[in-house]
1. Quick test for you: out of Lys7, Lys28, pick the one residue that is touching a strand residue (DSSP E or B) at 6+ places or on another chain (Cβ under 9 Å) and not hydrophobic (A, V, I, L, M, F, W, C).
2. If the Cβ limit is 9 Å and pairs must be 6+ apart or interchain, which residue in segment 1-27 that is over 15 Å from Phe51 (Cβ atoms) pairs with which residue that is open to solvent by 60 Å² or more (accessible area, probe 1.4 Å) and among the polar types (S, T, N, Q)?
3. I'm checking my understanding of the structure. Among residues of segment 8-36 that are among the hydroxyl-bearing types (Ser, Thr, Tyr) and within 11 Å of the chain's Cα centre (by Cα), which one is nearest to Gly58 (Cα to Cα)?
4. Report whether or not Lys25 is modelled with pLDDT of 90 or more and either at positive phi or charged (D, E, K, R) (or both).
5. Just to verify a result, which residue in segment 12-31, among those that are among the charged types (D, E, K, R) and open to solvent by 80 Å² or more (accessible area, probe 1.4 Å), is farthest from Arg47 (Cα to Cα)?
6. Among the residues of segment 32-47, which ones are among the charged types (D, E, K, R) and surrounded by 10 or more Cβ atoms within 10 Å (Cβ to Cβ)?
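The values are calculated or read from the model by the stated rules, or taken from the named source; none is laboratory data. What you see is a predicted model; the values in this text were computed from it and never measured. In this analysis, Cβ positions are derived from the backbone assuming ideal geometry, glycine residues included, and neighbour counts consider all displayed protein chains. Calculation scope for accessible area: heavy atoms of the full protein, side chains included, ligands and nucleic acids excluded. Shrake-Rupley method; radii C 1.70, N 1.55, O 1.52, S 1.80 Å.
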Amino acid sequence: MIVSLDKQTGDILINLPPQYENYEKDLKNALYDEFAFEPVNKSVLSRMNRFVAEWFEGKGVQLNPEETE
């Protein structure tokens, strides 16, 4: 799982493999734009993680399954 929620602050946490860390800022902005008006819960977190996979695919990057856990 790439996207999780900090239960204390409510902030979105992004856990990328080291080779993809340079995408973090743009990815976080895209997530905030896409999910700005949705309360974060398990269902939304699941959709956010699917969004991340699709976002990377749009950039020509294929994440391996072990990289998304």
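1. Selected residue: Lys28, the only one of Lys7, Lys28 that is touching a strand residue (DSSP E or B) at 6+ places or on another chain (Cβ under 9 Å) and not hydrophobic (A, V, I, L, M, F, W, C).
2. Pro17/Asn64
3. Tyr23
4. Here the answer is yes, as Lys25 does meet what is asked.
5. Across segment 12-31, the extreme among qualifying residues is Glu21.
6. Matches in segment 32-47: Glu34, Glu38, Arg47.
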